[in-house]
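The values are calculated or read from the model by the stated rules, or taken from the named source; none is laboratory data. Here the structure is a predicted model, which is why all the values come from computation and not from measurement. Every residue, glycine among them, receives a Cβ derived from its backbone with ideal geometry; neighbour counts consider all protein chains shown. Side chains are part of the model used for accessible areas, which takes the heavy atoms of the whole protein and leaves out ligands, DNA and RNA. Shrake-Rupley method; radii C 1.70, N 1.55, O 1.52, S 1.80 Å.
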Amino acid sequence: MSGVERYRLPLDVHLLLVRAGRPGGEREVLLSRRAGQVYAAGMWHLPSGHVDGPHEDVVTAVIREAAEETGVRIEPDAVELAVTVHHRSPHGRARIGLFFRARAWRGSPRVREPDVCDAMGWYPLDALPEPMVAYCRAALDAYRAGLPGAVHFQEPGDPIPHTADAASDRTRLLSGPGFNV
């Protein structure tokens, strides 16, 4: 491989804030609706962002994004890796998404960047809103199944939002050591 440039992928970080729902209800996850001139505007997604270069590690990035987008404060020792997703959009661009769960946080989530997010709310994990960004849904499906990852490779012409149509569902959930499927 000498002299050949290595393939590189963008690295995204995503925040899973999960709380107990109403008494007797399922756990709820915090979602935000994308807005403005961004990928998948009008669709629901987890608070997320990119690692800001080689000086920033992924835990620092997800803590920073949480504060910027939701106003919540998270300590590094409260962050755990929940799911990894290898995703390719219908436009052919691929990326790696690391989905982190915060075991604890301070503050009440609220929209802090109205130019890229126009709504935020708590939703039961078994009743997620639509339309939802498909690879975010793939991560939440893996999380609900207790699995460490997913591959979500879309084909040209596939819709960006998650669809209930099994023929267009491109999610492959991944097991790992200690996981039974």
With label points built 7 Å along Cα→Cβ from the Cα atoms of Gln37 and Ala145, find their separation and express it in nm. 3.9 nm
Within a Cβ distance under 9 Å of Pro10, other residues only, what is the Lys/Arg minus Asp/Glu net charge? +2
Using only alpha carbon pairs under 8 Å that are at least six residues apart, calculate the relative contact order of segment 70-148 and give it in whole percent. 34 percent
Can you check how the C-alpha radius of gyration of segment 53-126 compares to 2.2 N^0.38 Å, as a plain ratio? 1.24
Where labels lie 7 Å past Cα in the beta-carbon direction, separation of Ala119 and Arg93 in nm: 2.5 nm
Pairwise centroid distance, computed over Cα atoms, of segment 118-152 with segment 45-90, Å: 16 Å
Helix-derived mean residue ellipticity, 222 nm - over the chain, DSSP H n ≥ 4, -39500 (n - 2.57), to 500: -4500 deg cm²/dmol
Qualifying trypsin sites (Lys or Arg not before Pro) for segment 1-56 [loop in DSSP, other Cβ within 10 Å: at most 12]: Arg6, Arg8
Using protein chains only and a probe of 1.4 angstrom, how many square angstrom of Thr60 are accessible, to the nearest 10? 70 Å²
Quick one: which residues, 5 or more positions from Val83 or on another chain, have an amide H under 5 Å from its amide H? H modelled 1.01 Å from N in the peptide plane, none for Pro or chain starts. Phe99
Per residue convex hull volume, Cα only, the chain, in Å³ is 159 Å³
Starting from the coordinates of the alpha-carbon atoms of segment 1-106, obtain the Kirkwood hydrodynamic radius over all distinct pairs and give the value in Å to one decimal. 15.3 Å
As an exercise, use a Förster radius of 25 Å and the Cβ-Cβ distance of Arg8 and Arg172 to find the FRET efficiency, rounded to the nearest 0.05. 0.65
Accessible-area order for Tyr123, Tyr39, largest to smallest, probe 1.4 angstrom, reads Tyr39, Tyr123
Ranked order, Ser175, Ser32 - accessible area, probe 1.4 Å, largest first: Ser175, Ser32
As an exercise, use a Förster radius of 45 Å and the Cβ-Cβ distance of Arg19 and Phe153 to find the FRET efficiency, rounded to the nearest 0.05. 0.90
